[in-house]
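Here is the structure we will look at.
The values are calculated or read from the model by the stated rules, or taken from the named source; none is laboratory data. For clarity, every value in this text was computed on a predicted model and none was experimentally measured. So basically every Cβ, Gly included, is an ideal-geometry build from the backbone, and we count neighbours across all protein chains shown.
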Amino acid sequence: MTHQPVLLKEVISYLAPKSFGHYLDGTVGGGGHVQAILEASAPAGVVLGLDRDPKVIKRLRQTLAKDQPRLHLAHRSYADVAELLTELKWSDIDGALLDLGLSSLQLADANRGMSFRLEGPLDLRFDQSRGLPATAHLAKWSAAKLANILETYGELSRGQQLARRLKNFGPITTTYDLKVASGLSHPRRLSQLFQALRIATNCELGHLEDGLAAIWSILRPGGRLVIISFQSLEDRLVKHFFSARAKEGAGSLLTKKVVIATPEEQRTNPRSRSAKLRAIQKI
């Protein structure tokens, strides 16, 4: 499966990379955005590309970074970016991008269990070398905690009823088990179920909160932060963070409303249909 970066023109327009600038792609994923940032910041701009998924970093080191000295890759979280800057001897950055969506490559990997359309182990971790897979969490969560996760992170109605069904099913170790145990059949509801468990497994919202603070702390005055989210929980968190920085006079909103993909991009890249971009400039 070929990965198509979403809102590529819009990202470059709002990030406005320049030669000699220092930039962060905190979710390097398929590499489409970072490649465009490198091109836009030529000949002397440098980019730090991070990802929690070690497979992503390994693949990009063998391809994009092989003959590209201006790209530094690390298997690290964007929440750790301040530490990495010290290691690179960078004082600050001129811009940062976070694309919070799953890459097409992750969705297509049945061994991750990210898609209800593919049968495989119910893992759901971005970094399979750390933490517990979703199946282990499901086994230890109480019905009450599971119901809260389903309602909060999946925005699913009747979370308590669904949680009881899952807990009463027995061991859930595969994506097929989860679908059968849930009794859900509508694709949207199944997507919400998998989303809820993935967010909880990876502590995604807490990770995003920490990351926003970390990136803001090393963004120089005049630097820009561009974020693409794909679900309302993340977008709400980003919106509130940006609004707070603007109200305290620390930032200027570059997007008064969310930027969405053009009808043409939505036709050619279905993943872009739920993408929402927001951007802010530090004062």
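One residue alone among Ala200, Ala244 is of a type in the set (Gly, Ala, Ser), at pLDDT 95 or above, touching a helix residue (DSSP H, G or I) at 6+ places or on another chain (Cβ under 7 Å) and in a helix (DSSP H, G or I), and that residue is Ala200. Take the residues of region 33-61 that are closer than 16 Å to Gln106 by Cβ and of a type in the set (D, E, K, R): which is surrounded by the most Cβ atoms within 10 Å (Cβ to Cβ)? Taking the candidates together, the pick is Asp51. From the list Arg70, Arg76, the lone residue that is touching a residue at least 24 places away in the same chain (Cβ under 8 Å), surrounded by fewer than 17 Cβ atoms within 10 Å (Cβ to Cβ), in contact with a strand residue (DSSP E or B) (Cβ under 6 Å, 6 or more places away or on another chain) and basic (Lys, Arg) is Arg70.
Scanning region 79-90 for residues that are touching a residue at least 60 places away in the same chain (Cβ under 8 Å) and either surrounded by fewer than 20 Cβ atoms within 10 Å (Cβ to Cβ) or more than 13 Å from the chain's Cα centre (by Cα) (or both) gives Asp80, Val81, Ala82, Leu85, Trp90.
On the given criteria, is Leu277 outside the structural domain of Asp123 (by TED's automatic domain parsing), touching a residue at least 60 places away in the same chain (Cβ under 8 Å) and outside any helix (DSSP H, G or I)? Yes; evaluated as a whole, the condition is true for this residue. Do the conditions hold for Ser19, that is, is it out of contact with any Cys (no Cβ under 9 Å at 6 or more places or on another chain), assigned to a loop (DSSP other than H, G, I, E, B), free of Cβ contacts under 8 Å to residues at least 40 places away in the same chain and assigned by TED's automatic domain parsing to the domain that holds Val226? Yes, satisfied.
Within the option set Phe230, Phe242, being closer than 25 Å to Thr152 by Cα and in contact with a strand residue (DSSP E or B) (Cβ under 6 Å, 6 or more places away or on another chain) holds for one residue only, Phe242. Which residues, taken from region 145-164, are free of Cβ contacts under 8 Å to residues at least 24 places away in the same chain, small (Gly, Ala, Ser) and surrounded by 13 or more Cβ atoms within 10 Å (Cβ to Cβ)? Result: Ala147, Gly159, Ala163.
Being within 30 Å of Gly159 (Cα to Cα) and not assigned by TED's automatic domain parsing to the domain that holds Pro171 holds for only one residue in Gly95, Gly101, and it is Gly101.
Selection of region 247-256 for residues being surrounded by fewer than 19 Cβ atoms within 10 Å (Cβ to Cβ), out of contact with any Lys or Arg (no Cβ under 6 Å at 6 or more places or on another chain) and either under 18 Å from Leu102 (Cβ atoms) or modelled with pLDDT of 95 or more (or both) yields Lys247, Glu248, Gly249, Ala250, Ser252, Leu253. Within the set Arg224, Arg189, the sole residue that is in a strand (DSSP E or B) and among the basic types (Lys, Arg) turns out to be Arg224. Would you check if Glu155 is modelled with pLDDT under 95 and either closer than 30 Å to Leu50 by Cα or of a type in the set (Gly, Ala, Ser) (or both)? When the stated conditions are applied, Glu155 passes them. For region 22-61, enumerate the residues that are among the β-branched types (Val, Ile, Thr), in contact with a His (Cβ under 6 Å, 6 or more places away or on another chain) and assigned to a helix (DSSP H, G or I). Selection gives Ile57 alone.
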